[in-house]
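Derivation of every value follows stated rules applied to the coordinates shown; laboratory data play no part. Please read all numbers here as calculations on a predicted model, not as lab measurements. Please note: Cβ atoms are built from the backbone with ideal geometry, for glycine as well, and neighbour counts cover all protein chains shown.
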Amino acid sequence: MNWTKPCAVAVMAFLFLTTPSAAAATDPALIGQAKRAADSGLRYLRANQGEDGSWSGSVGITALALRAFLENRRGYTEEDGPFITRPIQFLLAHVKDDGSISETIYNRNYNTAVAITALEATGNPQYDEVIRGGQQFLQGLQLGPKDGYEADHKYYGGIGYGGDERPDLSNQYMAIEALKATGLAEDDPLWDRAVTFISRCQNNSETNDIQGMGNDGGFTYMPLYSPHGDAGSYGGMTHAGLLALLYAGVERDDPRVQAAYGWIQGNYTLEDNPGAKGKQGLFYYYNAFSKTMRAWGEPELVDDRGVAHDWRADLINRLMALQKADGSWVNDESGRWWEDRKDLVTAWTVIALNNAINP
């Protein structure tokens, strides 16, 4: 069984808006250590896979773990056997008539988004129909005039969990990533509407028409709200917001993009999720950080003090320091947002390592 799909060889190339010009600047020996750490994480996932092919019985976690394998530099495919084919079948078994892919009525956006991203990463055209159905489901979640929301409403263009919940930037970013990965047409009106909502989650008075937001350039969870207090910017959402803007076609010289990158320069750290309470959302932050920095395409980030950081080295060293003896990762200091679940956090972390390893 050996299929080819036009986008399969570089199926995740959508992540890289520019090609990193000097990835070799990172110590090759450290890259080698990162590869071994990722291998160890994948061995943990393989050893803890359920008999039904899932991880934790969850569509979302299963899709993320599958993506960790498929995007790894070893190039795992369905030809490698049941540890790849069984999770795919688990995802397919949860496809609903409305195009969603989920084992629950909750988190349908998250689950569907990561599921179609993983299916796309297989490069197998057999799943195209399911992917298109998932795309249509995500498009249908976006709030607009069909739902009674006009362009002047703060929630216009947003996407939430997939029920009646308010939209938020995290759900928006997951949906945007999935739609970009699966090739939604660049002229689809969803992108412009999405940028409107994303912009209203940014603390940037130059481009945000929502009164009461801040002006530091970072992003918060939703307009006028952060789970960490008031509407403060924090790392996980700022990386998610910047990545979502780039995926939606906003240029690098746009003031929203420049303000977001400026916040990242001024708050550069891998010790914490900057702006968050304690260690909440720490591994979500690492995952989003790896995607944003790889998409940005520069081997170094120069902070607001003029100090250059090899972000790959910093991320690798931090993640290796946090790895458990069994190869897994987990947030020992905060279980919020499921970060006390090894399967989820290990999948996120291997994806982050894949981004740091791959040029």
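Taking Lys and Arg as +1 and Asp and Glu as -1, the other residues whose beta-carbon sits under 11 Å from that of residue 59 total +1.
Once you've got the Cα coordinates, tell me which of 96/342; 154/291; 96/154; 180/291; 279/324 are over 19 Å apart.
Numbers: 96/342 28 Å; 154/291 27 Å; 96/154 30 Å; 180/291 13 Å; 279/324 17 Å.
Too far apart for the 19 Å limit: 96/342; 154/291; 96/154.
Quick check: Cα centre of region 59-102 to Cα centre of region 118-170, how many Å? One Cα centre to the other: 20 Å. Residues within the reach of a label modelled at residue 210 (point 7 angstrom out along Cα to beta-carbon, backbone nitrogen below 14 Å), restricted to region 157-183, are 157-160, 166-173. Modelled spin labels at residue 74 and residue 186, positioned 7 Å past Cα toward Cβ, are 3.6 nm from each other.
Put simply, region 37-105 fits an ellipsoid with semi-axes of 22, 12, 11 Å; these come from the alpha carbon gyration tensor as the roots of five times its eigenvalues, largest first. What Kirkwood hydrodynamic radius, in Å, does the chain give when the mean of 1/r is taken over all pairs of distinct Cα atoms and then inverted? With all distinct Cα pairs of the chain included, I get 20.3 Å.
Starting from the eigenvalues of the Cα gyration tensor, five times each then square-rooted, give me the equivalent ellipsoid semi-axes of region 180-239, largest first, whole Å.
Numbers: eigenvalues 114, 35, 15 Å².
Each semi-axis is √(5λ); the values are 24, 13, 9 Å.
Distance between the modelled labels on residue 33 and residue 303, one decimal in nanometres: 2.0 nm (7 Å Cα→Cβ projection).
Under a Cβ-Cβ cut-off of 14 Å, what is the net charge of the residues other than residue 50 that fall near it, where Lys and Arg count +1 and Asp and Glu count -1? Don't skip to the answer; put the middle values down first.
Working: positive: 46, 86, 341, 342; negative: 51, 52, 103, 343.
Net of charged neighbours comes to 0.
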